[in-house]
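What follows is a single structure, written as structure tokens, with notes after it.
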Ligand SMILES: [Zn+2]
């Protein structure tokens, strides 16, 4: 499936647009030149069946969308069930960084959702 907002299976997806697969250059550059990092609280309950991810931002919310999107909600839920602590959203690279331990970080490619944050959030 190559529709930009289609739900697909992470293991067979070959799409590189935001929300789909992480490209190795994207991963490498995101470590070299990270840009802003936004701390977010995420649990598997924040991931909806359509791939939308509700963001709970710690700190200023200006410029932060209410939701992000990923192509394989089941996989992200599984990762978040294993995950402890904060995640980081890296808007410059369309990545969520889930730190697994002191050395390993899982990168999940996410797209900003078009809906603006609801007032009062
Ligand atoms: Zn995909």
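Every number in this text was worked out from the coordinates using simple rules, so none of it is lab data. Bear in mind the structure is a predicted one, so any value in this text is a computation, not a measurement. No Cβ is skipped: glycine too gets one built from the backbone with ideal geometry, and neighbour counts run over all protein chains shown.
For the chain, the relative contact order is 28 percent, taking Cα pairs closer than 8 Å that sit 6 or more residues apart in sequence and dividing their mean separation by the residue count.
The simple spin-label model puts a point 7 Å past each Cα toward its Cβ; for residue 23 and residue 44 those points are separated by 3.2 nm. Taking 104, 66, 87 in turn, the Gaussian network model of the chain (Cα-Cα springs below 10 Å) assigns the largest fluctuation to 104.
Given a Förster distance of 35 Å, report the FRET efficiency between residue 103 and residue 15 from their Cβ-Cβ distance, rounded to the nearest 0.05.
The pair residue 103/residue 15 has a calculated efficiency of 0.75.
The ranking of 30, 43 by Cβ neighbour count inside 10 Å, starting from the fewest, reads 43, 30. Here 110, 57 are placed in order of increasing Cβ neighbour count within 10 Å, fewest first, which gives 57, 110. Put in order of Cβ neighbour count within 10 Å, fewest first, the listed residues 107, 58, 96, 42 become 58, 107, 42, 96. Every helix of 4 or more DSSP H residues in the chain counts as -39500 (n - 2.57), and over all residues that averages to -4500 deg cm²/dmol at 222 nm.
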